[in-house]
Each structure stands twice: as structure tokens, then as C-alpha cells.
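Quick notes on the structure that follows.
The values are calculated or read from the model by the stated rules, or taken from the named source; none is laboratory data. All of these numbers come straight from a predicted model, not from anything done at the bench. Using ideal geometry, Cβ is built from the backbone for each residue, glycine included, and neighbour counts are taken over all protein chains shown. Areas reflect the complete protein model, heavy atoms only, side chains present, ligands, DNA and RNA absent. Shrake-Rupley method; radii C 1.70, N 1.55, O 1.52, S 1.80 Å.
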Amino acid sequence: MAQWFAAKSKHPDALVFFRMGDFFELFFGDAEAAATVLDIQLTARGEHAGQPIPMCGVPAHAADAYLLRLIRKGFRVAIADQVEDAKARSGKAPIRREVVRLVTPGTLTEEALLEGSRSNILLSVAPHDGRIGTAWIDISTGLFETAEVEPEGLARLLARLDPAEILAPADLALGEWQSRRVSVAVPDAPRRRLAEAFGVASLSAFGSFGDAEVAAAAAAIDYVRSTQAGKLPRLSHPAPQTVAGRMEMDASTRASLEIVRARDGTHAHTLLSVVDHTLTAAGARLLAEWLVAPLVDAGAIRNRQDGWRWLLENQEAARAIRTALRGSGDMARALARVSLGRGGPRDLAGLRDALAAAARCRAILTGPLPPLLSDAARALEPPQALVETLSSALAEPVPLRVDDSAIASGFDPQLDAERRLRDDSRRIIATMQLDYAQRFGVASLKIKHHQQLGYVIEVPAASAEKLRAFPELSLRQGTASGARLSTPELADLDRRIAEASDRAAARERAVFASLCGQVLAEAERLAACASALAALDVAQSCARLAEAARWCRPTVSDDPAFSIVAGRHPVVEAALAGRSAFVPNDCDLSGERRVLLLTGPNMAGKSTFLRQNALTVVLAQAGLPVPAEAASLGIVDRLFSRVGAADDLARGLSTFMVEMTETAAILHQAGPRSLVVVDEIGRGTATLDGLAIAWAVLEALHNAIRCRVIFATHFHELAGLSGELPRLAPHTMRIREYRGEIVFQHEVIRGAARRSFGVQVARLAGIPPAVVKRAASLLTSLEARAGNLTEGAALPLLAPSPTPAADPLREAIATIEPDRLSPREALQELYRLKELSAVAV
């Protein structure tokens with residue numbers, strides 16, 4: 001318990017997983033918290049200050065599964081493991097235990113704790129002289145990048161990276177990301193500390209870094225080292241990034257478009273889920289990075305397009321590459337685990353298979369290649385000696401642990417000898433027994449194992465005297481029936497057999513460590529190879545997307561063009577597959593038509609149209625195919641999507657306040673190269689207030705900001721502004737009225753809606769008929785007074801309900817007293833009711 005208290009004092013804010021034999025045990029408050037989260041039994045072990053010590057535990061072999069549940073609940077876990085061999089300790093002192101690692105959400109490396117297709121980012125934030133320095137690390141892959149942003153740009157970077165853990169000063173506001181904060185301070189001499197971490201005299205070898213970036217990067221390095229018990233994983237050198245090279249999207253835009261994460265927090269029914277045809281975890285991660293950070297460099301976008309277009313046009317090569325990629329492992333994450341000493345045999349096997357896949361892909365990529373593929377081909381040059389070594393060293397099938405005979409027989413002679421001694425002791429003893437019997441001339445000589453004496457030679461008493469003539473034999477024990485003897489050779493064999501299992505395990509670990517050392521010696525080449533395989537996987541995924549559906553290569557330029565022919569919403573289309581066809585629509589925001597005003601009833605498809613065009617821009621600038629027959633798009637530097645209602649009650653913001661806050665962000669941040677898609681601005685307040693706000697915002701977007709806009713509204717009166725706003729193009733959703741009902745056509749056409757059809761939509765939604773009828777009556781009255789809503793003594797909303805007309809049939813039924821009628825009278829009443837019924841009809 002003294003060891004536990006020492007570990008807890010160093011990590012008071014973490015749960016301590018304390019190794020006790022085959023279990024990790026937790027004590028005191030740690031045990032109570034973990035037992036509740038993990039749903040395991042809370043018991044007690046020993047006493048402290050006269051009180052039982054609460055305790056719970058989990059099996060060491062299944063610890064990862066329990067760690068994952070704790071990490072997802074926001075806990076940090078300190079692993080206190082045994083750091084000495086129980087056999088090697090002196091006396092009766094307890095086995096020494098120390099914290100060997102601090103497991104936190106941003107420092108995970110185990111495959112069981114990570115989502116293969118998602119990056120796991122640790123972000124460090126450091127304010128400095130009015131700027132915000134940021135550095136982000138994914139220790140599971142070695143990624144290390146930095147950037148300096150304006151204070152208002154931090155929220156956009158957080159939304160893009162979606163970090164698992166954030167290192168920041170305690171006084172820095174993080175808004176909705178507050179729960180992921182770990183308060184840290186910037187270390188002294190950050191530039192020197194960062195250079196020392198990478199073994200260089202100056203950071204200038206890696207690029208130009210501002211002081212804020214260096215501070216953030218040094219804090220990140222120190223934190224990672226502290227969680228790994230002083231060790232630093234293999235990291236790429238810090239790479240400064242320019243935020244200006246990426247399309248900017250704020251958090252509400254990303255949430256609205258559901259690019260990689262749906263509103264419910266899952267990854268289903270997102271843009272990524274629809275376009276992802278990758279075959280490897282690394283490829284899926286890279287595709288997600290492309291989608292969350294679209295480019296604003298038309299040349300770089302075309303390079304990505306050229307890569308997948310080559311595979312689309314060379315189908316045989318694409319098929320061969322897909323076959324090769326299916327057999328490759330996750331090189332980047334395996335390499336990270338090896339660098340931290342956590343790599344297992346399957347990590348080395350994954351590296352071996354990935355290197356073999358890289359060699360096959362390199363052989364396929366021949367002839368003139370576009371830049372993306374030629375760059376990949378140059379990196380796909382695996383170190384052949386390492387491939388051969390791993391291929392011959394690892395046993396098949398590859399076990400999970402080193403101690404389960406991970407090294408193949410025949411690879412290391414010393415290991416083979418130790419294994420033979422361990423596994424073939426009977427055969428070795430039998431061979432020695434035959435040799436001794438012949439050498440000493442005693443046919444009845446036996447070698448047997450004795451509990452106290454170990455392996456000894458047993459001979460009958462009649463032969464014992466004869467053997468005294470051999471000086472190499474020593475008497476170990478005499479019995480009435482014979483003698484037990486030994487030789488130096490047999491004593492050495494006895495000792496070696498006893499130690500063979502330990503020596504075999506130690507030698508196997510040494511061989512495995514040597515293999516890991518050879519891997520790390522080629523770490524840079526392996527990392528480059530891993531990146532190339534991921535890029536190749538994304539390229540083939542895009543080619544598969546383009547060949548399997550009506551997806552096209554968009555034309556991307558630096559002019560303000562915006563023309564999409566027969567565009568579709570990729571996620572909605574996928575959801576409708578097999579049930580109904582998606583109705584495609586054109587969208588033209590070019591030149592004189594850059595503001596599209598869209599009116600029409602609810603459920604007609606306005607929001608879908610808005611989102612599909614925003615998603616088309618994201619796909620195009622990420623370098624992917626787009627769901628359209630043709631598209632020509634000028635670069636969008638900032639994308640704003642204000643679609644759907646939401647409140648933020650935790651911050652005391654109503655739905656309308658959230659809407660106005662997001663609208664204010666658009667008006668302050670949008671520029672001429674931006675794309676703005678907004679839906680129903682002004683709906684959360686009184687009709688005239690809402691109309692006035694929508695009108696003013698529309699004018700500002702048209703006249704002052706002069707950006708490309710899709711503006712959906714129920715205020716169809718705004719269509720009348722086309723005379724005052726020359727670049728305003730009114731459009732509406734086509735509907736058809738049939739017998740008082742509306743049929744949605746889901747087509748966008750020129751013109752404006754005559755009315756909103758809200759009552760009809762209410763009927764379709766299942767509002768009770770009486771309420772719908774009352775609403776229709778009120779609507780008629782309101783429309784009649786539309787010229788002056790204050791006219792009259794009472795508004796229709798406040799007027800009493802109309803008195804229902806007289807109903808003779810109901811009145812006749814009410815007067816009948818069935819219990820007093822004779823059969824003839826009842827029949828007469830029935831005929832009378834039938835006549836009244838005919839008159840009513």
C-alpha cells in the first residue's frame with residue numbers, strides 16, 4: 001500500500017491501475033469510481049486507519065477493454081506495473097512497482113483503444129502576444145504539426161481537428177471544448193527544449209516557427225513525455241502549417257453538414273460514410289483529413305484529381321493495387337507502438353505485410369504518372385533486407401504475445417537450442433543415458449529425475465563399486481539397492497534444463513527486441529511508405545466512387561464560377577437507394593446570378609438543396625469526385641452553412657439567439673470568395689421582425705459582402721426585391737396541387753412561391769383534422785387582413801371560434817329516448833333519421 005500511495009501522490013487526478021499478479025487492482029476512491037463505471041464488484045482488501053480499504057480489480061489480460069470504457073468516460077489512468085522479476089528480488093521485500101505510463105484520451109496507442117479510421121489528436125494551445133500558437137500530435141501515427149492562428153480562428157481549428165485532448169492554460173476560454181482541457185504551463189526555454197527533443201541545434205531545419213507555435217509544441221512534447229514515463233515516441237519533425245491553405249468552416253457549419261460526424265455523435269449517415277471506399281485504416285484516416293480540410297489551391301486540387309483519374313482510366317492497375325492494399329496492415333500505428341516498446345509480434349507482421357504490399361504497388365505503378373502517384377511510387381521502396389528478415393523471423397500463425405513462440409524455428413540457433421532443451425528434455429536424457437551405459441559398461445544404468453537431487457544416474461548396488469574407477473562420477477546418494485551418481489556434464493544439463501524455459505523466453509525477447517531495433521533504424525523510410533500507401537488507398541477509393549455511380553470530376557478554378565448540373569445530395573441519395581430515385585437539381589451562382597433566393601413549402605427539399613451544394617463544394621475542393629453530371633466551381637475560401645434550428649441552453653441561448661449569433665458570424669467573416677447557404681433566417685421571432693431581419697441580411701450579402709449565396713426563406717415577399725437587387729435570382733420548389741393536397745416534386749425552378757402551404761404540410765404531418773380546419777379558417781381571415789394587421793377591433797387569432805351551423809340530424813338523435821319506444825315507434829324513428837341523413841348529404 002505504501003507503493004500505491006506513492007503512485008497516487010504523483011498522479012492525484014488519475015485512477016491508478018495497480019498490478020497485483022494477474023490483476024490490475026484499484027483502491028479507495030479510485031475503486032469506487034471504477035466499479036460504478038465498469039459495473040464490477042466493489043470489495044475490500046486490508047485496512048487503513050482502522051477502516052476496510054475499498055478495492056476492485058480487472059484481469060491484466062483484459063485490461064485494454066476496461067481502459068477503453070474508462071477513457072471514454074473522461075478518466076485518465078496511471079498504470080503502476082511490476083518493474084522487477086519476482087524471482088530476482090532479494091529477501092521478502094515486495095515486488096517493486098512504478099507508474100510506467102499515464103493513459104489519457106490524447107495519448108492512446110493500443111489498437112484496442114483506438115478507432116482505426118479516425119485520427120487521435122492531442123492539441124496544445126499557447127497564447128502569445130495576441131496570437132494563438134497551436135501544435136497537434138497523433139502519437140499513434142507520429143503526426144506532428146503546428147500553426148499560428150488569430151484568437152477568433154481557434155474555434156475553427158478546434159472544429160476541424162476535433163482533438164481528443166487539449167492542453168491549454170487554465171485561463172484560456174475553450175467554450176464547448178472545455179471538457180477536453182488539461183491545464184498545463186508553457187515550459188522554460190521552449191525553443192531549446194523542442195530542438196533537443198529532435199536532436200538538432202536549431203528548429204530552422206524544419207521550417208519557420210513563431211514563438212507561439214514553439215511554446216505550444218514544447219508543451220505538447222513535455223506532456224507526451226510525462227505520460228510515457230520519460231520516453232518519447234517516434235514523431236515526425238514538427239511541420240508548420242498555414243491555415244490559409246485550407247477552406248475555413250466554423251463548428252456550426254461542420255455540424256450542419258455532418259461531414260465526418262453526425263449530430264447524434266455517430267459516424268453513420270455522414271458524408272465520409274458515403275464516399276469512403278478505402279481498404280485500410282490509414283487510408284480512411286487520410287480521406288477524413290481531406291474532407292475536414294478542403295484545399296483552396298486549384299493546382300493542388302487538380303493534382304489529387306489527376307491521381308484518381310489515372311486509376312479510373314487504368315482499371316487493371318487499379319484492381320491490382322486494391323488486391324495489394326487488402327493485405328497491408330496499419331504501418332503508422334504499428335511503428336508508433338514499436339517505438340514506445342509496446343509493439344507485439346502482430347505489429348511486426350503488419351509492417352512486414354505492408355512492406356510487401358508496398359513492393360507490389362511499386363511494381364504496378366509504371367509509365368508516366370500524375371504527381372500524386374509518382375510521389376507515392378518514390379516512397380514505395382521498402383528496405384528489402386528488413387522485409388526478408390521479418391519474413392523469416394516471425395512464426396506462422398503470428399501469436400499475440402512474444403512469449404507464445406513468436407520467433408520462427410530456424411531463425412536464431414541459440415533460441416532453437418534453448419527451445420530444444422526446454423521441449424526435448426526427454427529425448428536429450430535418453431540419448432545421454434544410452435551414451436553413459438555404453439561408456440561405463442552398465443547396461444542397466446538409468447538417468448532419472450529426483451525431487452531434491454535433480455537428474456541423477458541410478459545403478460544397481462552390484463555395479464556401483466565398479467563405477468568408482470571413473471573419476472568423473474561422483475556419488476550423490478547411496479541406497480540399499482543401488483547408488484545415485486552424477487557427472488559435471490549431467491549436473492550442467494540438469495541446471496540448463498531447469499533454466500531452459502526462462503532462457504528461451506529471455507532469448508526470444510532479445511531476438512524480438514533486435515527485430516524492433518532494425519525496424520526503428522528504418523523508421524523514416526517506413527513512415528514515408530505508410531503515407532504513400534494511405535495516399536494510394538484514397539486515390540483508389542475516389543476512382544471506385546467515380547466508376548460506381550454518376551459522379552464526375554469537377555472543374556476547379558480561381559474565378560467566381562459556380563455551376564452544378566444535375567447535382568445530388570450524396571447522403572440522402574444513399575439513404576434512398578433501392579426505394580426511390582433522388583431528384584437532381586441544377587445550381588448556378590455564376591456572375592449575375594450569384595444570390596439564389598429559394599422559396600417553397602416545408603418538406604419540398606429546400607434544406608436538402610442547400611446542403612447538397614455545400615457538400616459538393618467540400619468534395620470538389622477536397623479533390624474528390626462530386627455527385628453531379630457536371631460541375632464548374634470557383635475556389636471557395638470560407639464556407640458558411642446555417643441550416644436547421646438549434647438552441648444552446650447550457651450557455652443560456654435560445655434558438656433565435658443561436659441563429660442571430662451564427663448570422664452575425666457570417667456577416668463579419670464572409671468575403672467575396674465565400675459561399676453562404678442559409679435557411680429561414682428570422683423564423684424565431686415575430687413575423688414582421690423576422691421579415692425585416694431576413695431582408696436586411698439578404699441586402700448585406702448582396703450589396704456589401706458580394707459573395708455567392710443560397711438564401712432559403714418562407715418570406716416569399718423577398719422575391720419582389722429582384723428589381724432592387726440585380727444579382728438576385730428568385731427560385732422556388734416545384735409542387736403540384738391535387739384535390740386540395742400538395743404533391744412535392746423536389747425540383748428547383750425559377751420563380752417564387754405564391755404561398756407557404758403550411759396548413760397542408762400540417763395535415764400531412766398528422767395534425768388533428770379539427771385543428772387543421774381551424775388553422776385554414778384563421779389563415780383565410782389573416783390573408784384577408786394582410787393589408788393592415790391592426791385593422792378591426794380584434795384579430796382573428798383572438799376572435800371566438802365560429803358558432804357551428806345547426807344540424808337537424810344530430811338534434812333528432814338527441815330527442816330520441818330508446819327505452820320508451822315500442823318496436824313500431826323505433827322503426828318509424830329510423831325511417832325519419834334516414835330521411836334527415838339524405839337531406840344533410
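So for the chain, averaging the separation of alpha carbon pairs under 8 Å that are six or more residues apart and normalising by length, what relative contact order in percent results?
Details: 1403 pairs, mean separation 75.1, N = 841.
Once divided by the residue count of the chain, the mean separation gives 9 percent.
Taking R0 as 60 Å, what's the FRET efficiency between Arg263 and Ala443 from their Cβ-Cβ distance, rounded to 0.05?
Values: r = 87 Å, r/R0 = 1.45.
Calculated transfer efficiency: 0.10.
At Ala2 and Val743, where each label point lies 7 Å from the Cα along Cα→Cβ, what is the point-to-point distance in nanometres?
Label at Ala2, label at Val743, 8.7 nm between them.
Stretch Ala300-Arg832 to full length: gain in nm at 0.36 nm per residue minus the Cα-Cα span? Let's see the in-between values first.
Values: separation 532, 0.36 × 532 = 191.52 nm, distance 8.62 nm.
Difference between extended and current length: 182.9 nm.
Where does helix 63-72 land angle-wise versus the long Cα axis of the chain, in degrees 0 to 90, nearest 10?
Once rounded, the angle reads 30 degrees.
Kindly provide the helix-only [θ] at 222 nm of the chain, computed as the sum of -39,500 (n - 2.57) over DSSP H runs of four or more divided by all residues, to the nearest 500 deg cm²/dmol? Please report the intermediate quantities before stating the final value.
Details: 28 runs with 358 residues, N = 841.
My calculation for the chain gives -13500 deg cm²/dmol from helical runs alone.
As a test question: what accessible area, to the nearest 10 Å², does Met733 have when a 1.4 Å probe is rolled over all protein chains in place?
Counting only protein heavy atoms, the figure is 10 Å².
For Asp81 and Thr555, compute 0.36 nm times the residue count separating them, minus their Cα-Cα distance, and round to one decimal in nm.
Details: separation 474, 0.36 × 474 = 170.64 nm, distance 5.78 nm.
Additional length available on full extension: 164.9 nm.
Can you list which of the GluC sites (Glu not before Pro) found in region 551-650 are DSSP loop residues with at most 16 other C-beta atoms within 10 Å?
Working: sites: Glu573, Glu592, Glu629; in loops: Glu629.
Answer in residue order: Glu629.
If you stretched the chain out fully between Glu499 and Arg750, how much longer would it get, using 0.36 nm times the residue separation minus the C-alpha to C-alpha distance? Intermediate results must be reported in sequence, preceding the final value.
On the way: separation 251, 0.36 × 251 = 90.36 nm, distance 8.76 nm.
Full extension of this stretch gives 81.6 nm more.
Tell me, what is the percent relative contact order of region 555-690, built from C-alpha pairs under 8 Å that lie six or more residues apart? All intermediate terms of the calculation are to be shown ahead of the outcome.
Values: 190 pairs, mean separation 38.1, N = 136.
With pairs under 8 Å counted, the relative contact order is 28 percent.
Calculate the length of the line joining the C-alpha centroid of region 36-66 to that of region 464-491, in whole Å.
55 Å
If I fit a long axis through the Cα atoms of helix 523-548 and take the longest principal axis of the Cα atoms of the chain, what angle between them do I get, 0 to 90°, rounded to 10?
40 degrees
Rounded, prolate or oblate, given the Cα gyration tensor of region 91-155, with a/c below 1.5 counting as rounded?
Working: a/c = 4.20, a/b = 1.95, b/c = 2.15.
Verdict is oblate for region 91-155.
Could you sort Lys10, Lys448 by their accessible area in this structure, using a 1.4 Å probe and putting the largest first? Each step should come with its number before you reach the end.
Working: Lys10 155, Lys448 100 Å².
Accessible-area ranking of Lys10, Lys448, largest first: Lys10, Lys448.
Would you please give the FRET efficiency between Ala239 and Arg96, computed as 1/(1 + (r/R0)^6) with r the Cβ-Cβ distance and R0 = 45 Å, to the nearest 0.05? Each step should come with its number before you reach the end.
Details: r = 40 Å, r/R0 = 0.90.
Calculated transfer efficiency: 0.65.
Does region 61-133 come out rounded, prolate or oblate by the C-alpha gyration tensor, with a ≥ b ≥ c the root eigenvalues, rounded set by a/c under 1.5 and, if not, prolate when a/b is larger than b/c and oblate if not? Walk me through the intermediate numbers first.
Details: a/c = 3.49, a/b = 1.81, b/c = 1.93.
Oblate is the answer for region 61-133, as a/c is 1.5 or above yet b/c matches or exceeds a/b.
I need two numbers for region 560-704: Rg to one decimal and Dmax as a whole number, Cα atoms only, in Å.
When restricted to Cα atoms, region 560-704 yields Rg and Dmax of 16.1, 46 Å.
Ala462 to Asp403: FRET efficiency via 1/(1 + (r/R0)^6), r the Cβ-Cβ distance, R0 51 Å, to the nearest 0.05?
Working: r = 48 Å, r/R0 = 0.94.
It comes out at approximately 0.60.
Given axes a ≥ b ≥ c from the Cα gyration tensor, I'd like to know whether the chain is rounded (a/c under 1.5), prolate (a/b larger than b/c) or oblate. Present the calculation step by step, with values, prior to reporting the outcome.
Working: a/c = 2.49, a/b = 1.95, b/c = 1.28.
Here the chain falls in the prolate category.
Helix 425-440 against the longest principal axis of the chain: what's the angle in degrees, Cα atoms only, rounded to the nearest 10?
10 degrees
Once Lys and Arg get +1 and Asp and Glu get -1 on their Cβ, which of Ile447, Ala528, Cys552 lies farthest toward the positive end of the dipole of region 442-565?
In region 442-565, that residue is Ile447.
Give me the lysines in straight-line cross-link reach of Lys466: C-alpha distance below 26 Å, same-chain residues under 8 apart excluded.
The reachable lysines, counting only those whose Cα sits under 26 Å from Lys466, are Lys446, Lys448.
Pull up the DSSP beta bridges for the chain and report the antiparallel fraction as a percent, rounded to 5.
Details: 64 of 99 bridges.
Of those bridges, close to 65 percent are antiparallel.
Please work out the Cα center distance from region 81-152 to region 719-767, rounded to the nearest Å.
Region 81-152 and region 719-767 have Cα centres spaced 55 Å from each other.
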